[in-house]
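The values are calculated or read from the model by the stated rules, or taken from the named source; none is laboratory data. Everything quoted here is computed from the prediction, not taken from an experiment. Cβ sites come from the backbone with ideal geometry, for glycine too, and all protein chains shown count toward neighbours. Quick note on the areas: whole protein, heavy atoms, side chains included, nothing else; ligands and nucleic acids left out. Shrake-Rupley method; radii C 1.70, N 1.55, O 1.52, S 1.80 Å.
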Amino acid sequence: MGAPVTVTSPDAAGPVQEVAEEETPAVTRPGRFRPSPLGWVPRLVVWAVIAWVVLIVPLGHSAIDLQDFTRAVCYAIVALSLNVLLGYVGQISLGHAAFVGIGAFMSAYMVTTQGQSFWIGVLAAGAIGGAQALVLGGVSLRIRGLYFALVTLSYGLVAEENIFQIESFTGGGAGQQAPKPQWFESEWRYYYLCLGFLAIVLLLDWRLMRSKGGRALLALRENPRVASTFGINVRIATLFAFVVSGVIAGLAGALIAHNDLGVSATTWNFNLSLVFVIMTVVGGLRSRYGLVIGGAFFALMPYFLEKIPGLDNALAKIPAPFDLTPELAPLVVGPLLLLLNLIQFPGGIGQQLRPIARWLGGHRFDLHDRGLKEVQITDVRA
Amino acid sequence: MELLRARRGLLIGLVVLIALVVVLFATGEEQALVIGTISGSAYGLVAVGLVLVYKSSGVFNFAQGEFGGVALATLYLLDANDVPYALAVVGALVAAVVAGFLTERIVVRPLFESPRVTLLVATAGVALLAIAIQVWFFDSQGRPIAKAFTRTDRFSVLDVQLSDQRIWLIVTLLVLAAVLGLFFTRTNLGLAVIGASQEPTATELVGISVRRLSTFTWSLAALLGGLAAVIAVPDTGSFTPGVMTSNYLIPAFTAAVLGGMTSLPGAVVGGVLVGIVQSYATSASIFQDGGALDVPGTPGTLIVFVVLVGVLVVRPQGLLGKTA
Amino acid sequence: MTRRLFPVLVAFAAVASAASCGQKAGVAGTGGDGATDATDGPTATAGPPATAPPVGTDTAPSGSTGGSTPPGSEPAGSAPDSGGQPGSTAPASSAPAVAAGPYEPDDNDTSGVTDEEIVIGIHAPVTGASPIPQTSFDTGKDIYWQFLADSAPDQLFGRTVRVVFRDDEFNPQRAVQVCREMVESEGAFVLIGAGGADQITACAQFAAENNVPYLSAGVNETGLDDLATYFATSLTYSEQAALIIAQLVERELTEVGLVVADTPSFDDAFDALKAAAETEGITIAYETRINKTAAEAEQLSVVQELKNTGVQGVVLLSSPLVFIGLANQGVNQGFAPTWIGPGVTSGLNAVTNFGCPGVDTGVFFNPTPQLDVIDDLDADFRAAYEAFGGGETADDIGLGLWALNKLLAAMFVATGEELGRAALMNTLVTTASFDNGIYSPVAFTEDDHFGGTGAHLLDADCAAKTYTTAAQFVEVG
């Protein structure tokens, strides 16, 4: 970090940039902003607050609330998984509940029926998520865009009504049990475990997109035809992304299964697939923090609604038949948010929070930094 | 020979149909033909709406089912308040058209230039919202829906009774498909719709408002969705919120793809074919517990999926569609 | 980019290592309300012999309004209707009164019971694939307790009962969650499942793992028969098989179809029905396992297959929605057999409300009779609704809840003043039977927690759009 020349007003908005042109050879790229040490202070404070909210605050809650928080973490992982397909490659999966669900069942099956440890279960869950994606993707290699969406949707139904009805795999009508792993039996420990997994997934996602493969995916999204002229095999790249997405989804499924202490088939329905898509889009494609927030938000919506003081009473005052229960509200709010997002704010929460995120990352705070206007999903006419 | 090549899709369709009939009679499941036609007509009617929207805006309209759902809810409300049935049906259709109109204005217009996948997700959001509102007003309970025609024993084909309501469904489907087909090929308005979807700029230059056409198309599609729901669902006696989307939408999409997303008669044919195949899968003992191809859960769902993927892999333009 | 992740990772690592070092599992907020309640000491159910009075003193305060069976007057298997039982006065006799039995109290034994109130948790599907009307539920769940508090406030030794209700969304995993919430957050003493076999099974398993008594109407037996804390208050589907087949014989339906929902929970019922049919010489001309939420296409096919066989009766075990769909498709195709089966929810008036005309030929067994005969069995029911129902009319869901609550009250009374989970369950297995006048008598033993002994037969009447009671207290042979 080059030594800054002047610091004029170290306020919360970040110090004024000064580039040291006459600086020693350059590790510094010309024009690259670096906050002063004093400028780092407010940033670190905010980081600390975030860490406190994520790591410490949940501890004060009951075990049941902790289960909700863990679910939020798992949904964040699902959002990241769906983003690989939707955000990086531009293909949409409307049956993602199947991928998460099969991971859930696999882990439960491994632990309960096969007597394996949790870690084997998680591995198996990721593996089968990837395998499922490989098979489905392999079959639909040539199918893109809208038709691919249809295929995934139909597949989601098959999973719900056929695959998850295989009794030896999925257990009886009451579902398959999935106890928590050793050393992580209490809810708060399991919460930290899931946070750890989320961190790993975030790391992997970041590394992936930094790599050549990741760039290929992005190029693919921009324009498949141009990408192929650069030697990128469109189909293999798409398949690769699909498999990565499937593996992460399977992992998330395993975590959800053990969080709920069981899995049953009715959870993984079309409605859930749509919720996954909504939370990914509302979170903001290709924006990691946006996705995490989006996933967590949708998972925690019922929780938040319950905690708003007086909401219950206010809702009870609405006369029948218009009475709106707190359970129902997320059903209505979700699609509204989606529509609002698509029409007005295509970048989702991630885009809205981008100035803050950039600032936290050590850049200048710029209210108008909305990222490149590249949040369109690939235009594919089938 | 040239004619054969041009009409290849039709030929394949005929071959498939004949093969299907032969297999069904051979396995003693010929009633699946009739039952399949009944459920398939409902799928076909929804599929026609899907094809309409796709032909004109290139969008897969996920809310097509719920346009029907809105109609059903309105029909129930009006009927429960002692409005004469015929009037209630009209009211229901009006409600569906309004839903389509609103969807077009609020959701589709702003996203006119957006990628089609975005619009797909948006219409899915509309569908979810519609279901949520129905659950809000009606809770998840089913509600009874009366039929228009109650007589059931007028016709019988292959020992399967066809109630009047079902005859109405099939007739409506055929008439609509024919009318719409003529509309798109013979009338100015229909040609304008097609033109607008392919060359919006040119259409505007010629003085036709693309936006007006879009509104018209979506309203028409909503009307079709409403018709499908109002005729087909009362046959089951009751409806629950979201029934159109969960029971009819995927088979309808499969039907549309099978028939070719750009072909209206294709949608009809596709619907019937999907219905027959699904019915066969459900009743054939080979798929039941203990049969040779024992499928866990509902065989019909798996069959529909296989058909969808099969068509897309083997012949993406479907039976009667034009090459993409 | 590393800059963004790095602080997070460091913070996480720091906190995680600190956290995992010093803490014991289960410290942070795992519903710690139970441990502090055991002030009486675990085995101090030195029940005051005041538990004997329930049999005697009730007839006075309850001031039965002329009904033949005053509510709550026959809690602990009184002599009249369950003849000669040694165990029935057990609560009164021995000094460590109700502790006599196989259940030992644990740390949470009196969780949910205070000197002022008892908390009951009920879960049922209000949303999801097979919903029950919520408003009926909200009104009906409290009425009996309000009535009891009003007419016999000392019945439960000065305690009132608070009912907590949760929607399980027809999803077994959600059922486990809400059951857990009810136990840990709301402090429920016992859990009750109001409907939905899979949800009941899931929640019952959770309850058994946590030593919480769990009651429900009889549903399946698989998955429930080895649970120590599960008690079925009416005949299970398998137990009803014999009754159903007997009805078929009586109606001279020698060839029938058999349609059972395709969930593993119903496997034992499916087998029991087939076995019973074979014993009695009933031929099953067509059998199928139908999807739990069968769509129109499947319903059409099944009905057509049934029609092809020409059967006059169909034994049906499925959700009410599937029943309505099948029945109506049947009408469409000119096929109107007698639909007969076990039921808890199929015999509700909600079904006739919107299933007619198809369901007119439906005949179902039910733990409770219908509203047409309730005045003869318990005159307090309607009166209580008028007094406490807030203007709602008494309906059959309310009746079901009334009967259930009445039974519970009898069980509480029989257990005595020192009410704890172990004490309650001991009472259940040592008392000969419980009779609330509406259910057939309910009798548990240590090995058999399926307490039903009979059921009522309900007949659909589309003219009145309700079910009527065709036969009462049909006992298992």
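Taking every residue in the range A:117-131 that is crowded, with 16+ Cβ neighbours inside 10 Å and pairing it with any residue that is among the hydroxyl-bearing types (Ser, Thr, Tyr), at least 6 positions away or on another chain, the pairs with Cβ-Cβ distances below 7 Å are A:GLY121/A:SER107; A:VAL122/A:SER107; A:ALA124/A:SER107; A:ALA125/A:SER107.
Answer yes or no as to whether C:ALA242 is more than 14 Å from chain A (Cβ to nearest Cβ), over 24 Å from C:ARG162 (Cα atoms) and open to solvent by 10 Å² or more (accessible area, probe 1.4 Å). Here the answer is yes, as C:ALA242 does meet what is asked.
Quick one: would you say B:ARG211 is away from every other protein chain (no Cβ under 14 Å), charged (D, E, K, R), surrounded by 13 or more Cβ atoms within 10 Å (Cβ to Cβ) and in contact (Cβ under 8 Å) with a residue 60 or more places away in the chain? Yes: the conditions hold for B:ARG211. For the range A:71-92, a residue qualifies if it is within 12 Å of another protein chain (Cβ to nearest Cβ), polar (S, T, N, Q) and within 14 Å of the chain's Cα centre (by Cα), but none of them does.
Cβ separations smaller than 8 Å between residues 6+ apart or across chains give the following pairs from the range C:306-319 residues that are farther than 26 Å from C:SER265 by Cα to residues that are open to solvent by less than 10 Å² (accessible area, probe 1.4 Å): C:LYS307/C:GLY330; C:LYS307/C:GLN333; C:THR309/C:GLY257; C:VAL311/C:VAL256; C:VAL311/C:GLY257; C:VAL311/C:PRO337; C:GLN312/C:VAL256; C:GLN312/C:PRO337.
Selection over the range A:182-213 of residues that are polar (S, T, N, Q) and either open to solvent by less than 20 Å² (accessible area, probe 1.4 Å) or within 13 Å of the chain's Cα centre (by Cα) (or both) gives a count of 1. The helices (runs of 4 or more DSSP H) found entirely in the range C:302-409 that carry 3 or more residues being modelled with pLDDT under 90 and closer than 26 Å to C:VAL126 by Cα are C:320-332, C:349-355, C:380-388.
Each residue in the range B:294-318 was checked for being at the interface with chain A (Cβ under 7 Å from one of its Cβ atoms), under 19 Å from B:TYR248 (Cβ atoms) and part of a helix (DSSP H, G or I), and 5 of them qualify.
Return yes or no: is B:VAL15 in a helix (DSSP H, G or I) and more than 18 Å from B:GLY181 (Cα to Cα)? Yes, satisfied.
C:VAL98 falls short on exactly one of the conditions (1) in a helix (DSSP H, G or I); (2) at pLDDT 85 or above; (3) surrounded by 18 or more Cβ atoms within 10 Å (Cβ to Cβ); (4) in contact with a Ser or Thr (Cβ under 9 Å, 6 or more places away or on another chain), and that condition is (2). Checking each residue in the range C:165-216 for being of a type in the set (D, E, K, R) and open to solvent by 30 Å² or more (accessible area, probe 1.4 Å) picks out C:ARG166, C:GLU169, C:ARG174, C:GLU181, C:GLU184, C:GLU186, C:GLU209. Inspect all residues belonging to the range C:140-162 and state whether any of them is within 14 Å of chain A (Cβ to nearest Cβ), open to solvent by 10 Å² or more (accessible area, probe 1.4 Å) and either more than 30 Å from C:ALA269 (Cα to Cα) or among the hydroxyl-bearing types (Ser, Thr, Tyr) (or both). No, every residue in the range C:140-162 fails to be within 14 Å of chain A (Cβ to nearest Cβ), open to solvent by 10 Å² or more (accessible area, probe 1.4 Å) and either more than 30 Å from C:ALA269 (Cα to Cα) or among the hydroxyl-bearing types (Ser, Thr, Tyr) (or both). Every listed requirement among (1) touching a helix residue (DSSP H, G or I) at 6+ places or on another chain (Cβ under 6 Å); (2) in a helix (DSSP H, G or I); (3) open to solvent by less than 20 Å² (accessible area, probe 1.4 Å) is met by A:ILE143 save one, (2). Considering the range B:132-181, and only residues there that are more than 9 Å from every other protein chain (Cβ to nearest Cβ) and small (Gly, Ala, Ser), the residue that is nearest to B:VAL272 (Cα to Cα) turns out to be B:ALA177. Is at least one residue of the range A:300-314 modelled with pLDDT of 80 or more, closer than 24 Å to A:ARG210 by Cα and open to solvent by 10 Å² or more (accessible area, probe 1.4 Å)? Looking through the range A:300-314, none of the residues is modelled with pLDDT of 80 or more, closer than 24 Å to A:ARG210 by Cα and open to solvent by 10 Å² or more (accessible area, probe 1.4 Å). Here B:LEU205 qualifies as open to solvent by 10 Å² or more (accessible area, probe 1.4 Å) and out of contact with any helix residue (DSSP H, G or I) (no Cβ under 9 Å at 6 or more places or on another chain). If you filter the range C:217-230 down to residues that are polar (S, T, N, Q) and open to solvent by less than 10 Å² (accessible area, probe 1.4 Å), you find that the one that is nearest to the other protein chains (Cβ to nearest Cβ) is C:ASN220.
Looking only at the range A:167-177, decide whether some residue is in a helix (DSSP H, G or I), among the acidic types (Asp, Glu) and at pLDDT 90 or above. No: zero hits.
Look at C:ALA432 and say whether it is open to solvent by 30 Å² or more (accessible area, probe 1.4 Å), assigned by TED's automatic domain parsing to the domain that holds C:ALA246 and either at pLDDT below 90 or assigned to a strand (DSSP E or B) (or both). Answer is no for this residue. So if I check each of C:LEU371, C:LEU316, which one is surrounded by 24 or more Cβ atoms within 10 Å (Cβ to Cβ) and away from chain B (no Cβ under 14 Å)? The match here is C:LEU316. Which of the residues that make up the range C:268-279 are open to solvent by 50 Å² or more (accessible area, probe 1.4 Å) and not β-branched (Val, Ile, Thr)? Matches in the range C:268-279: C:ASP271, C:LYS274, C:ALA275, C:GLU278.
Test B:PRO234 against the stated conditions and say whether it is out of contact with any Ser or Thr (no Cβ under 9 Å at 6 or more places or on another chain) and within 11 Å of another protein chain (Cβ to nearest Cβ). For B:PRO234, the condition - out of contact with any Ser or Thr (no Cβ under 9 Å at 6 or more places or on another chain) and within 11 Å of another protein chain (Cβ to nearest Cβ) - is met. One residue stands out among those in the range A:328-364 that are crowded, with 16+ Cβ neighbours inside 10 Å and outside any helix (DSSP H, G or I): the one that is modelled with the lowest pLDDT, which is A:LEU328.
Among the residues making up the range A:215-254, those that are within 14 Å of another protein chain (Cβ to nearest Cβ) and either over 16 Å from A:GLY87 (Cβ atoms) or assigned to a loop (DSSP other than H, G, I, E, B) (or both) are A:ASN223, A:ARG235, A:GLY253.
Determine if the range B:114-131 includes at least one residue that is at the interface with chain A (Cβ under 10 Å from one of its Cβ atoms) and outside any helix (DSSP H, G or I). Yes, the range B:114-131 has at least one match.
Conditions tested, residue by residue: (1) buried (at least 24 other Cβ atoms within 10 Å of the Cβ); (2) under 26 Å from the mean Cα position of the chain (by Cα); (3) not hydrophobic (A, V, I, L, M, F, W, C).
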| site | (1), (2), (3) |
| --- | --- |
| C:LEU253 | no, no, no |
| C:GLY257 | yes, no, yes |
| C:GLY281 | no, no, yes |
| C:ALA285 | no, no, no |
| C:ARG289 | no, yes, yes |
| C:ALA336 | no, no, no |
| C:ILE340 | yes, yes, no |
| C:LEU348 | yes, yes, no |
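If you take the residues in the range B:138-164 that are β-branched (Val, Ile, Thr) and under 22 Å from B:GLU29 (Cα atoms), which one is surrounded by the fewest Cβ atoms within 10 Å (Cβ to Cβ)? So, considering only residues that are β-branched (Val, Ile, Thr) and under 22 Å from B:GLU29 (Cα atoms), the one surrounded by the fewest Cβ atoms within 10 Å (Cβ to Cβ) is B:VAL157.
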